[in-house]
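FYI, it's all coordinate maths here, none of it is from the lab. Bear in mind the structure is a predicted one, so any value in this text is a computation, not a measurement. Ideal geometry is used to build each Cβ from the backbone, glycine not excepted, and the neighbour counts take in all protein chains shown.
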Amino acid sequence: MESGCDPLEPALARATESRSNRFSALAKLRAVMCSRYVLKTVAMGQMVSLFICGTAVTSQYLADVYKVNTPMLQSFINYCLLFLVYTVVLALRTGENNFLYILKKKWWKYIFLGLADVEANYTLVKAYQYTSITSVQLLDCVGIPVLMALSWFILGSRYRVIHFVAVAVCLSGVGAMVGADILSGREHNNGSNMLFGDILVLVGACLYAISNVCEEYIVKNLSREEFLGMLGLFGTFISGLQLIIVEYSDLTSMHWDWKIALLFVAFALCMFGLYSLMPVVIKVTSATSEYPN
């Protein structure tokens, strides 16, 4: 009788071990993907996208369908809502970091933040009068590399190679989108208008990057209520002043109806929801996808 082991046994053992490792890796991946943290992050990201989509669609309808040329009024309503909710909450706060203390020590910083945020909203909403909603949404992504650069120098964030590859792809897409808009505009004899709209989007995206870096720092190191409360205060003041200077004639000549009013309300609620949710998203994840040194 011959002795020895079956030559197929080692191969079968390796195959079984490999299959077991595969199943183990899949189980771990499924556990990570289905964890409460990931599901919560995805859900909040979808809510942010929904609010952004709502502001984009309502702005496009107001600009294209109803020929409403009041981007500052749209933002002013949102800042008023922030003021009525978060500035009031901040004013009721007691203790060392109360409203008067913050106003006395940091007023000039929040004026700068309010100015950057107000002008970012103004230029981006204004762009809908000159270019398409697709161009606005795609070109707005230029804020990502600007945000990364600011976070690198201001917040000390550091990035992996994949982040820089993504930035290169983003910038190449921006260039392609601007070129496509110019060519499309030439066919319809409005190339200069579309280019101006694209420039407004790029300026707004850079200003949003400044505002978002400030937001991330304040939310992570101070509080969500302080950021939203002070932004509501100075945003209302700055946007109200600019509204009177820039859009007074448009307001007096505007013909209101319930559809226009509904679009204004929808835009303001989407913006208010976006501003209220973003600090929570930043607290849970990060506005810049950075990793520590």
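Taking every pair of alpha-carbon atoms in the range 72-164, give the share separated by more than 22 Å as a whole percent. Could you put the intermediate results ahead of the total?
Details: 2212 of 4278 pairs.
Tail of the P(r) past 22 Å holds 52 percent of the pairs.
Compute the projected area of the convex hull of the Cα atoms of the range 225-275, averaged over all viewing directions, and report it in nm² to one decimal place.
Details: hull surface 16.6 nm².
So the mean shadow area of the Cα hull is 4.2 nm².
How many angstrom lie between the Cα centre of the range 103-130 and the Cα centre of the range 212-262?
The range 103-130 and the range 212-262 have Cα centres spaced 8 Å from each other.
Given R₀ = 22 Å, FRET efficiency for residue 46-residue 159 by Cβ-Cβ distance, to 0.05? It would help to have the intermediate numbers written out before the result.
On the way: r = 25 Å, r/R0 = 1.12.
About 0.35, to the nearest 0.05.
Determine which lysines satisfy two conditions relative to residue 109: a Cα distance under 19 Å, and not lying fewer than 8 residues away in the same chain.
The qualifying lysines are 220.
Translational D (Stokes-Einstein, µm²/s) of the range 110-181 at 25 °C and 0.890 mPa s when Rh comes from the Kirkwood sum over C-alpha pairs?
The calculation lands on 177 µm²/s.
Along the Cα→Cβ direction, 7 angstrom out, place labels at residue 283 and residue 84. What is the inter-label distance in nm?
With each label placed 7 Å out from Cα toward Cβ, I get 2.4 nm.
Estimate the FRET efficiency between residue 252 and residue 199 by the formula 1/(1 + (r/R0)^6), using the beta-carbon distance for r and 25 Å for R0, to the nearest 0.05. Numbers along the way, then the final one.
Working: r = 29 Å, r/R0 = 1.15.
In this case the efficiency is close to 0.30.
Please enumerate, by chain and number, the lysines with C-alpha under 30 Å from the C-alpha of residue 67, excluding those fewer than 8 residues away in the same chain.
The reachable lysines, counting only those whose Cα sits under 30 Å from residue 67, are 126, 259.
Restricting things to alpha carbons, tell me how big the range 71-125 is in terms of Rg and Dmax, in Å.
13.0, 39
Taking the range 48-101 on its own, what percent of its Cα-Cα pair distances exceed 13 Å?
Values: 999 of 1431 pairs.
Across the range 48-101, Cα pairs with separations above 13 Å total 70 percent.
For the range 235-275, list residues with backbone N below 12 Å from a point placed 7 Å from the Cα of residue 66 toward its Cβ?
254-268
What distance in nm separates the two pseudo spin-label positions at residue 237 and residue 91, each 7 Å out from Cα along the beta-carbon direction?
Calculated label separation equals 1.3 nm.
Using R₀ = 30 Å, calculate the FRET efficiency as 1/(1 + (r/R₀)^6) where r is the Cβ-Cβ separation of residue 53 and residue 98; round to 0.05. Mind showing how you got there, number by number?
Values: r = 37 Å, r/R0 = 1.25.
E(calc), rounded to 0.05, equals 0.20.
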